[in-house]
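Chemist: I'd like to ask some things about the structure below.
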Amino acid sequence: MARSKRQAFRVVLFKEGKTWSAQCLEFDIATQAKTPRDLAFAIQRAIAGQILVAVQNRMTPFKGLPPAPKRFWKMFESGVRLAPNEFRIKVRGMQSSAEARVAEVV
């Protein structure tokens, strides 16, 4: 059995008004939700969706997606690490994890 490929992600979580947002840093993937709990599910679904669609189309997952804008990297660096800090997603032989931090909007 072949080993799973692994992709690690860093994700910054922040609240603007009544809406929570999550932004991946390595690839410009973002999502929104009404609660932090829903947000965790939404970002996992967005990442899994990128993987699944690419694999089904015999493409390399995340190929061509640029990194997030620099302001999100700065927010991540100043953010507070969440516990639990990993999201595990396994889609057709690819496993991904994410370190998530909560930050203030800059």
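Read the figures in this text as sums done on the coordinates, not as results from a lab. What you see is a predicted model, and the numbers here were worked out from it, not measured in a lab. Here Cβ is always computed from backbone atoms with ideal geometry, including for glycine, and neighbour counts include all displayed protein chains.
Chemist: Would you be so kind as to identify which of P61, A42, A98 lies farthest towards the positive end of the dipole of region 5-102, taking Lys and Arg as +1 and Asp and Glu as -1 on Cβ and the Cα centre as origin?
Modeler: P61
Chemist: For Q7, enumerate residues with amide H under 5 Å from its amide H, sequence gap 5+ or separate chain, H modeled in the peptide plane.
Modeler: Q95, S96, S97
Chemist: Report the number of Lys pairs in region 5-102 whose alpha-carbons are under 20 Å apart, with separation of 8 or more residues or on distinct chains.
Modeler: Eligible lysine pairs with Cα atoms under 20 Å apart amount to 7.
Chemist: What shape does region 5-102 take by its C-alpha gyration tensor, where a ≥ b ≥ c are the square roots of the eigenvalues and a/c under 1.5 counts as rounded, a/b above b/c as prolate, and the rest as oblate?
Modeler: Working: a/c = 1.77, a/b = 1.61, b/c = 1.10.
It comes out prolate by the Cα gyration axes.
Chemist: While we're here: Based only on the alpha carbon positions, what is the Kirkwood hydrodynamic radius of region 17-61, in angstrom?
Modeler: Over region 17-61, the inverse of the mean reciprocal pair distance is 11.2 Å.
Chemist: Here's something else I'd like to know. Residue by residue through region 14-31, what is 3J(HN,Hα) from phi via Karplus (6.51 cos²θ - 1.76 cosθ + 1.60, θ = phi - 60°)? Round to whole Hz and write x for glycine and proline.
Modeler: Result, rounded to whole Hz: 7, 10, 10, x, 9, 10, 8, 10, 10, 10, 6, 8, 5, 9, 6, 10, 9, 7.
Chemist: Taking amide H positions as placed 1.01 Å from N in the peptide plane, with prolines and chain starts having none, which residues 5 or more places from F27, or on another chain, fall under 5 Å of its amide H?
Modeler: Distant-sequence amide H within range of F27: A68.
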